[in-house]
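What follows is calculated from the coordinates using simple rules that are stated; it is not laboratory data. Everything numeric in this text was worked out from a predicted model, so none of it was measured. Neighbour counts run over all protein chains shown; Cβ positions are idealised from the backbone, glycine included.
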Amino acid sequence: MTVVSIVSSPRKGGFGDRIAAEIEEGARSAGKDVVRFDLNDLRSIRQCQNCEACKHNGGTCVLKDDIAPVIDAIRDAEGIILDTSIQFNEMNGLFKVVFDRLYCFLDMNATTIMEKGKKVAVVVTASADADSAERVSKNLDNVMVQHFFCEPVGRIAYCTWMMPKDMPVDQTVLDEARAIGARFRS
Ligand SMILES: Cc1cc2nc3c(=O)[nH]c(=O)nc-3n(C[C@H](O)[C@H](O)[C@H](O)COP(=O)(O)O)c2cc1C
């Protein structure tokens, strides 16, 4: 079974990329296949149209853009890794566009049709705004639990303190990320 990793920082080799990669390695060491989507590589992207078609067709988003395979992968996955950077105190815009597309997993009564019990790990990076990183990471966990009945396996809110993107990530954080990944074990 598969863990889907959704990485939205535009910086390949940046902090979120490396922390998410460490969670992925932990998941692999626990015997999981990992599929990663670097959202910045997607070209055809549309936001949820609130058309409600998904509410009448059993939960299929009718938008056929580059986000569609991401949504399909989440539907089939047993675990999800979510990574966003903080931009102006919030999750970044690209991540938000993809995150909103999870609306297709809610039925007319706002009850999830996603298989319950998927494990979820969250990574949020910021330069210096530790409060926003903490708040946004908690909020992502809360949405995944309250709306989609996911099981959180770990959350990392990481401040880079304006370091260049190729500076090392704290080893304690990488160790924590690896341990979080291992919790994807069934
Ligand atoms: C448009 C933009 C807005 C940003 N706003 C904030 C902010 O409000 N607070 C903050 O601490 N960092 C902010 N940052 C810095 C990024 O959060 C930071 O560089 C990123 O999380 C580093 O992780 P990464 O290497 O995974 O991209 C912003 C960056 C950009 C590009």
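Contact map, the stretch 1-15: first residue closer than 30 Å to residue 117 by Cβ, second residue assigned to a loop (DSSP other than H, G, I, E, B), Cβ cut-off under 6 Å, separation 6 or more or different chains; pairs are 1/78; 2/77; 3/32; 3/184; 4/77; 8/92; 15/160; 15/169.
When 157, 182 are checked against the criterion of being within 19 Å of residue 21 (Cα to Cα), without any contact (Cβ under 8 Å) to a residue 60 or more places away in the chain and surrounded by 15 or more Cβ atoms within 10 Å (Cβ to Cβ), a single residue qualifies: 157. Take the conditions farther than 24 Å from residue 159 by Cα, out of contact with any strand residue (DSSP E or B) (no Cβ under 9 Å at 6 or more places or on another chain) and of a type outside the set (A, V, I, L, M) and apply them to residue 13. Does it pass? No, not satisfied.
For the stretch 61-107, a residue qualifies if it is more than 22 Å from residue 3 (Cβ to Cβ), of a type in the set (A, V, I, L, M, F, W, C) and within 13 Å of the ligand (Cβ to nearest atom), and the qualifying residues are 86, 88. Note on the stretch 155-169: among residues that are out of contact with any Phe, Trp or Tyr (no Cβ under 9 Å at 6 or more places or on another chain) and within 27 Å of residue 77 (Cβ to Cβ), the one that is farthest from the ligand (Cβ to nearest atom) is 155.
Among the conditions (1) of a type outside the set (Phe, Trp, Tyr); (2) surrounded by fewer than 18 Cβ atoms within 10 Å (Cβ to Cβ); (3) within 15 Å of the ligand (Cβ to nearest atom); (4) in a loop (DSSP other than H, G, I, E, B), the only one that residue 110 does not satisfy is (3).
The residue of the stretch 123-154 that is surrounded by the most Cβ atoms within 10 Å (Cβ to Cβ), among those that are more than 17 Å from residue 96 (Cα to Cα) and within 15 Å of the ligand (Cβ to nearest atom), is 129.
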